[in-house]
Every structure is written in C-alpha cells, then in structure tokens.
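The values are calculated or read from the model by the stated rules, or taken from the named source; none is laboratory data. Since the structure is predicted, the reported quantities are computational estimates derived from the model, not experimental observations. In this analysis, Cβ positions are derived from the backbone assuming ideal geometry, glycine residues included, and neighbour counts consider all displayed protein chains. SASA here: full protein model, heavy atoms, side chains in, ligands and nucleic acids out. Shrake-Rupley method; radii C 1.70, N 1.55, O 1.52, S 1.80 Å.
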Amino acid sequence: MLNVRSFNLGPLQTNAYLLTGSDPGRGIIIDPGMNPAALVRSIAGMEIEAILLTHAHFDHMGGVDEIRKLKNCPVYLHSLESEWLSSPKLNGSLKWPDVAPPLSTDPAEYDLAEGQILELIGHSFRVFHTPGHSPGSVSFLCGDDLFSGDVLFKLGVGRTDLPGGKERDLVDSLRGKLYKLDEEVKVYPGHGPRTTIGFERVQNPYVTL
C-alpha cells in the first residue's frame, strides 16, 4: 500500500508529497517546494530514495537543494527542463522577487520520459509526459494514485501563459492521457485539494472529456 502525506509549502501553497511503502523508514518526495521546514522535520531519520519533480517552476523545486544535500538523494526531472534547476530565469524565481529569492541548484541526476517506469520504495511509478503548463511537465501514476503537478487541479487546470506553456498541449495532455485513466484514480495536484479523474472528466469547467 502506498502511504501519502501532503505538505503545503511556501507562499504559493505548493503541495509537496512524502510517499512511503511497506517500510516507513524509506520514502520519496514529489515536488519539495519553498520553505520546506515541516517536510524536513518529517523525514528526520528516514532514507529518501529520490526526489521526483513534476516540473521545475520555483515553487515546486524551492526545497530541492536543502533536501538533496541533507539526504544525498537523486533528483528526477524531464529532460526538456534540464537547465531550469540551475537557472533562476528559467524556473521563474527571478521574475517574482517579492515571492521568492533567485533559486538555483545542481541539475537533476536523472531524466524522465513518457512511458518510463520507476521502481521506488517497493512500488512502480509510471511517467506521463503532460506538457501544457510547462514543456517538461510530467504526471506520476502509482496504482490508483496520480500526482499531476500543475496540469490538473480540482475544478481547474494549470495556467498556460508562462514561458513554455501552451493551451493546446494542456488540453491534449488531459484528454489524450490523464482523462483516459480509470475514473476512480485519485488525483493529488500541485495546489489545492485532492480530486478524482472521474469527477474532473465531467465537472472540470476548463477541460472535460
């Protein structure tokens, strides 16, 4: 069974997720955002196998540097955003100085790609390349749990007016990939509350199936 703990981090209230399997002492983290003190306290004494990034906007990667150095764990990110972690301009932190200082860290150790299967904490995570919000946005599916980043929210979708965003790609990512998943799949988004694929197919005011 996959155990999911969520942390609401930073000024943009980004959802970071700490996932564990049968061994509570081993975990992975999805999108460690800014001001990660609460998350850092929760992983004291744990082995972190990996940090998975749905994309590399500053509010989703703000805690990467601290946690990677603390836990000596690798970072996974889609290759289209391989330069973003080390560039405050590309990750957006340079654009909003009132929200974040310029943020940078070393590049990811591993690239992500469509259809890739990651074997971590005794579970399999399937990678979906779901661009639209950003060119390298990905979603992770583990059983009936989907981590959608800023592609799909409860009754919402990710903005497409940032550099590299494209509305047509976002619609294709939802209708062509995520909305084809089973309706009972639980969606853990990058911001806001949890939802399900079945609910969003019908009720999402921006993109329905």
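If you rank M46, M1, M61 by how much accessible surface each has, with a 1.4 Å probe, what is the order from largest down?
Values: M46 30, M1 180, M61 5 Å².
The residues order as M1, M46, M61, largest area first.
What whole-number value in Å² describes the accessible area per residue of the chain for a 1.4 Å probe?
Numbers: 9230 Å² over 209 residues.
Value for the chain: 44 Å² per residue.
Give me the net charge of L12's neighbourhood, meaning all other residues with Cβ under 14 Å from the Cβ of L12; Lys, Arg count +1, Asp, Glu -1.
Around L12, the surrounding residues sum to -2.
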One finds, for E119 and N3 with R0 = 25 angstrom and r their Cβ-Cβ distance, a FRET efficiency to the nearest 0.05 of 0.90
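Check each of the GluC sites (Glu not before Pro) in the stretch 143-199 and keep only those in coil by DSSP with at most 16 other C-beta atoms within 10 angstrom; list them in order. Could you put the intermediate results ahead of the total?
Details: sites: E167, E183, E184; in loops: E183, E184.
When the GluC sites (Glu not before Pro) of the stretch 143-199 are filtered for loop state and at most 16 Cβ neighbours within 10 Å, E183, E184 remain.
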Gap separating the Cα centres of the stretch 2-42 and the stretch 48-80, nearest whole Å: 11
GNM on the chain, C-alpha springs below 10 Å: top fluctuator among Y179, Y17, Y110? Y110
Straight-line reach from K89: which lysines have a Cα under 20 Å away, not including same-chain ones fewer than 8 places off? K166
Portion, in percent, of the accessible area of the stretch 98-187 that falls on carbon or sulfur, probe 1.4 Å: 47
Using a ≥ b ≥ c from the Cα gyration tensor of the stretch 99-209 (square roots of the eigenvalues), is it rounded, prolate or oblate, where a/c under 1.5 gives rounded and otherwise the larger of a/b and b/c decides, a/b for prolate? oblate
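Using DSSP to call loops (not H, G, I, E or B), can you name the trypsin sites (Lys or Arg not before Pro) in the stretch 1-51 whose Cβ has at most 16 other Cβ atoms within 10 angstrom?
Numbers: sites: R5, R26, R41; in loops: none.
Passing both the DSSP loop test and the Cβ count: no residue.
I want the antiparallel fraction of DSSP beta bridges within the chain, as a percent rounded to 5. Walk me through the intermediate numbers first.
Working: 26 of 40 bridges.
Approximately 65 percent, going by the DSSP bridge assignments.
From the helices alone, meaning DSSP H stretches of at least four residues, give me the mean residue ellipticity at 222 nm for the chain, per-run term -39500 (n - 2.57), in deg cm²/dmol to the nearest 500. Could the numbers behind the result be given before it?
Numbers: 6 runs with 39 residues, N = 209.
It comes out at -4500 deg cm²/dmol, rounded to the nearest 500.
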Just one of (1) 24, 21, 15; (2) 32, 27, 17; (3) 45, 24, 13 is semi-axes √(5λ) of the Cα gyration tensor in Å calculated from these coordinates, so which is it? (1)
Cα centroid distance between the stretch 130-147 and the stretch 93-126, in Å? 12
Can you pull the accessible area of L70 for me, 1.4 Å probe, Å² to the nearest 10? 100
Carbon-plus-sulfur fraction of the accessible area of the stretch 1-50, 1.4 Å probe, in percent? 48
